[in-house]
Amino acid sequence: MESSSSFVILSVFISLFLLTSPWKASAQEDFLQCLASHSNQSMPQVYVPKSPSFLSVLQSSIYNLRFTSPATPKPQFIITPNHESQIQALVVCSKKHGLKITTRSGGHDFEGLSYRANVPFVLIDLVNFRTIDVNIRDNSAWVQAGATLGEVYYRIAEKSLVHGFPAGACPTVGVGGHISGGGFGLMVRKFGMAADHVLDARIINAKGEILDRKTMGEDLFWAIRGGGVTSFGVLLAWKIRLVPVPPTVTVSVIAKTLQQGTTELVHKWQSVASYGVPNELSIALHIGVVDTGSSNGTRIGSGRTVQATFTTLFLGSATQLLQVMEKKFPELGMKQEDCKEMRWVESTVRTSGFPDGTPVDILLNRSSLPKTTFKAKSDFVTRPIPKVGLEGIWKRFLKEERPELVIGVWGGRVNRISEHKIAFPHRAGNMYLIDYVTNWDEKEGQEASARHMSWIRELYDYMTPYVSKSPRTAFLNYKDLDLGRVKINGATFVDPRIWGRMYFKSNFPRLVKAKSNVDPENFFSGEQTIPPTITK
């Protein structure tokens, strides 16, 4: 569409829009005219609440169904740009007309902050910003912010089977938020965080200017790698460093129930997974509840048991993996038939939870994983949890319908990098990261929702003696709006100093300084975004 024709279409659009919108007509028209006049290429696709496809576009990549209810605040506009200049125009016009901006790349934000706000706002959906340019010659790739991890893995494998990227196991996660919060996966012990491998970035600041590493300066470049880019601007693209992977890797997935020794195995896993095995080996852990097929009809948890699934990725052959496991973790009982040799790109499919033999093109399916209603919280663990502590977790799990612990192992390279190298601080001393999750059916209603939320908060309180302290730390990518909430005279306030120390530790003041320099008016603001100042 040419720029001149965009005004003709815009005038028709405004005429229809003004008939149904609750906004004042003059404000609506001014905003849309502003957007058209500042879009150098053409008008972006615009959806308004009365558009027939508004809800379907809004909900297309909402993975937490908790935020699809009618009560969830909706944007005044959804914009799906296909050119950088359209985002520049949107920033300029939103600032001029008093609208906040939320930016969605994949839609996996645990608290829905990439597509909701408590003030009038515009949602930028980057679904069209998915270009991935892989350069094997210099071991790098430019990746637009709306691409998913699965798309990145697939496009790398198209060019090379001995290159990879150390990011997350969920293929539908968008790279924009994932990398900016740190981003970890099953190669974290060998290569560190995804954000450790960012070479350059393109970002639009509050003035609508496009900046790269050179023009943004090293303070801002430091901040957006682990500090959450939404506090500082709209991310357009990352330049990432690719890492070498062997032609053959090995994956093993072994599940054990309480009756098969889960407690003893998880306890031993803590002692070896972080520091006792080669960095080429990562053993992630998923703990849930399964049906045993029997029930006596009386006791809590009857007919159900706790199950731990050990998902292993080894950057080498099955023979080598079995030798390591026999020496370091024989209790797991890994056998030859438990091990599957494959290409690295195939391992990203298997470790995502897909069955053996699933074609790798599933990585290109942006809706391949189910959506659910959930609440999550996180902790870093610095010393092994004793068996009595694990048994307390199991007891609480058997009282909840669909609980999960998703545990990522630390150690190796990620622990050796300084906590000040980039804004991501959780390095030396950490053994593993826990993601606590409870899932439920969104149709259960408010009473059930409150019950599940209460359960996970009680579990979090129970874990206090067993996790990091001074401060008790949390993972930014697992956003948790419970953090930092304090009550004063019956009213609830959010203290950014609390969640700031939990997410960023001693890096928080430097992040505040970077925010003050790039966005002193706090245009890019929201719950748990970095403030430009901290009131003592």
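State the percentage of accessible surface on the chain attributable to carbon and sulfur atoms; use a 1.4 Å probe and exclude ligands, DNA and RNA.
52 percent
For the range 138-216, calculate the relative contact order in percent as a whole number, restricting contacts to Cα pairs under 8 Å that are 6 or more residues apart.
Over the range 138-216, the number comes to 23 percent.
Counting only the backbone N, which residues of the range 251-286 are under 16 Å from the spot 7 Å out from the Cα of Thr309 toward its beta-carbon?
Residues passing the 16 Å test: 251-258, 283-286.
On each of the three principal axes of the Cα atoms of the range 92-134, give max minus min coordinate, whole Å, ordered largest first.
Principal axes ranked by extent give 39, 26, 11 Å for the Cα atoms.
Please give the length that would be gained between Glu331 and Gln260 if that part of the chain were fully extended, namely 0.36 nm times their separation in residues minus their C-alpha to C-alpha distance (nm, one decimal).
Gain on stretching Glu331 to Gln260: 24.5 nm.
Between Ile136 and Val494, what length in nm is gained on full extension when 0.36 nm per residue of separation is reduced by their alpha carbon distance?
So the extension gain works out to 124.3 nm.
Taking the simple approach of a point 7 Å from Cα along Cα-to-Cβ for both Asn128 and Arg402, what is their distance in nm?
Rounded to a tenth, the inter-label distance reads 3.4 nm.
With a Cα-only, solvent-free Debye model of the range 309-449, what are the log10 I(q)/I(0) values at q = 0.11, 0.19, 0.22 Å⁻¹?
For the range 309-449, the Cα-only Debye profile gives -0.63, -1.39, -1.34.
Given charges of +1 on the Cβ of Lys and Arg and -1 on the Cβ of Asp and Glu, with all other atoms neutral, how large is the dipole of the chain about its Cα centre, in debye to the nearest 20?
The calculated dipole for the chain is roughly 1220 debye.
For the chain, report the accessible area per residue in Å² (1.4 Å probe, heavy atoms, rounded to an integer).
41 Å²
Ordered by packing density, taken as the mean number of other Cβ atoms within 10 Å over each peptide's residues, highest first, how do 100-107, 501-508, 414-421 rank?
100-107, 501-508, 414-421
For a paramagnetic label modelled at 7 Å from the Cα of Leu199 toward its Cβ, which residues of the range 212-244 fall within the zone defined by backbone nitrogen distances under 13 Å?
Hits in the range 212-244 for Leu199 at 13 Å: 238-244.
Is it possible to state the helix-based mean residue ellipticity at 222 nm for the chain, with each DSSP H run of 4+ residues giving -39500 (n - 2.57), the sum divided by total residues, to the nearest 500 deg cm²/dmol? What is it?
-9000 deg cm²/dmol
Using 0.36 nm times the number of residues separating Thr292 and Asp441, minus their current alpha carbon distance, what extension gain do you get?
Full-extension gain reported as 51.5 nm.
Taking one equal scatterer on every alpha-carbon of the chain, how large is log10 of I(q)/I(0) by Debye at q = 0.06, 0.08, 0.10 1/Å?
Debye intensities relative to I(0), on a log10 scale: -0.30, -0.53, -0.83.
Please compare each pair in Lys256/Lys340; Lys96/Lys207; Lys214/Lys421; Lys375/Lys443; Lys50/Lys95 to a cut-off of 21 Å on the Cα-Cα distance and tell me which ones are over it.
Lys50/Lys95
The values are calculated or read from the model by the stated rules, or taken from the named source; none is laboratory data. This is a predicted model, so every value here is computed, not measured. No Cβ is skipped: glycine too gets one built from the backbone with ideal geometry, and neighbour counts run over all protein chains shown. For the accessible areas, the whole protein counts, side chains as well, though only heavy atoms, and no ligand, DNA or RNA atoms are used. Shrake-Rupley method; radii C 1.70, N 1.55, O 1.52, S 1.80 Å.
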